[in-house]
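The values are calculated or read from the model by the stated rules, or taken from the named source; none is laboratory data. Quantities reported herein were computed from a predicted structural model and do not represent experimental measurements. Cβ: placed from backbone, ideal geometry, glycine included. Neighbour counts: every protein chain shown.
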Amino acid sequence: MTGRRGAAFTLIELLVVIAIIAILAAILFPVFAKAREKARAISCLSQGKQLGAALAMYVTDYEAYPFMSAPSSAPVRPKWPDYIYPYVRNVQAYRCPTAPADMAKRFVVDPTATFGGLGYNYQYLGNSRFPWTAVDAQIQVPAQTVALADTAGVRRDDGSLGAGEYVVDPPYVSARGSGKASGYYGEGAEGGSGADGCRAKPAARHLDTVNVTFADGHAKALTRGALDDFDRDGNPDNGWFNGQADPGVR
């Protein structure tokens with residue numbers, strides 16, 4: 001009995017072990033969380049490449065880019081994911097794995113499935129409000145033209161979603177306009193305060209970067225600042241969006 005008592009842990013020793021475990025957990029949990037988010041970012045980037053290839057095939061077949069959605073007068077309103085669905089039938093590819101739940105929208109082609117979190121460059125590729133879509137030749141520099149990007153949608157000041165969960169706006173209103181008085185996707189009560197309060201903004205949700213799919217089909221991660229400033233002069237411009245890789249063009 002005496003030997004058994006001598007081999008037992010004392011209360012102080014147990015507390016020291018527990019403290020060491022707690023310290024290790026505090027150190028390792030952020031590392032694990034970062035690794036998990038890195039894996040999600042890679043998965044999202046891979047999905048973006050699939051969608052970029054699908055969009056390129058759509059443009060080859062139709063000789064123009066799809067609308068962001070069917071016109072509001074249409075009885076059924078497919079969105080850009082519906083238009084390119086025949087080229088990528090995997091519905092999981094259309095949803096950013098870290099997109100918030102309020103961004104989910106239902107496919108028209110498959111009402112049981114949802115998409116969301118990825119925004120289409122509608123102001124320069126295909127805006128059904130006019131209606132207008134770009135033909136292939138109008139996108140002069142496809143490798144430097146945003147087709148899709150992680151989007152936050154149009155958010156009110158309280159963070160709630162007002163609109164725009166499947167589109168992304170450039171920093172400045174394009175020369176073509178958005179089809180609304182604000183110049184961006186949202187207007188009025190849909191958006192928040194500030195000059196760009198109705199903008200469907202890119203979302204840097206992957207380790208502070210935005211996953212971007214370009215019109216030529218490739219994809220890469222950019223910081224929000226880099227995406228909004230093509231020539232990196234410290235001033236926002238539409239260079240990554242306008243199809244010409246020209247920071248002076250709107």
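Could we say that Thr151 is buried (at least 24 other Cβ atoms within 10 Å of the Cβ) and among the hydroxyl-bearing types (Ser, Thr, Tyr) here? Here the answer is yes, as Thr151 does meet what is asked. If you go through the stretch 207-232 and keep only what is out of contact with any Asp or Glu (no Cβ under 7 Å at 6 or more places or on another chain) and over 25 Å from Gln140 (Cα atoms), you end up with Asp208, Thr209. Anything in the stretch 218-250 that is crowded, with 20+ Cβ neighbours inside 10 Å and in contact with a helix residue (DSSP H, G or I) (Cβ under 9 Å, 6 or more places away or on another chain)? List them, or say none. Correct list: Ala219, Ala221, Phe230, Asn238, Gly239, Trp240, Phe241, Asn242, Gly243. Only residues that are among the polar types (S, T, N, Q) and surrounded by fewer than 17 Cβ atoms within 10 Å (Cβ to Cβ) were counted across the stretch 129-147, and they come to 2. Checked across the stretch 125-143, the condition of being within 12 Å of the chain's Cα centre (by Cα) and at pLDDT 95 or above holds for no residue. Scan the stretch 185-196 and tell me whether some residue there is of a type in the set (Gly, Ala, Ser), surrounded by 23 or more Cβ atoms within 10 Å (Cβ to Cβ) and at pLDDT 95 or above. Yes, the stretch 185-196 contains at least one residue that is of a type in the set (Gly, Ala, Ser), surrounded by 23 or more Cβ atoms within 10 Å (Cβ to Cβ) and at pLDDT 95 or above. The condition of being over 19 Å from Lys79 (Cβ atoms) and over 17 Å from the mean Cα position of the chain (by Cα) holds for only one of Ala221, Ala175, Ala204, that being Ala175.
Considering the conditions (1) hydrophobic (A, V, I, L, M, F, W, C); (2) outside any helix (DSSP H, G or I); (3) crowded, with 16+ Cβ neighbours inside 10 Å, Ala41 is excluded by exactly one of them, (2).
Please tell me if Ala175 is touching a strand residue (DSSP E or B) at 6+ places or on another chain (Cβ under 9 Å), on the phi < 0 side of the Ramachandran plot and not β-branched (Val, Ile, Thr).
Numbers: touching a strand residue (DSSP E or B) at 6+ places or on another chain (Cβ under 9 Å): no; on the phi < 0 side of the Ramachandran plot: yes; not β-branched (Val, Ile, Thr): yes.
In short, no.
One residue stands out in the stretch 61-102 among those that are closer than 30 Å to Arg40 by Cα, at pLDDT below 95 and among the polar types (S, T, N, Q): the one that is surrounded by the most Cβ atoms within 10 Å (Cβ to Cβ), namely Thr98. Would you confirm whether any residue within the stretch 166-183 is crowded, with 24+ Cβ neighbours inside 10 Å, free of Cβ contacts under 8 Å to residues at least 60 places away in the same chain and of a type in the set (Lys, Arg)? Scanning the stretch 166-183 turns up no residue that is crowded, with 24+ Cβ neighbours inside 10 Å, free of Cβ contacts under 8 Å to residues at least 60 places away in the same chain and of a type in the set (Lys, Arg). Might you check whether a residue that is part of a strand (DSSP E or B) and within 14 Å of the chain's Cα centre (by Cα) occurs anywhere in the stretch 188-200? For the stretch 188-200, residues part of a strand (DSSP E or B) and within 14 Å of the chain's Cα centre (by Cα): absent.
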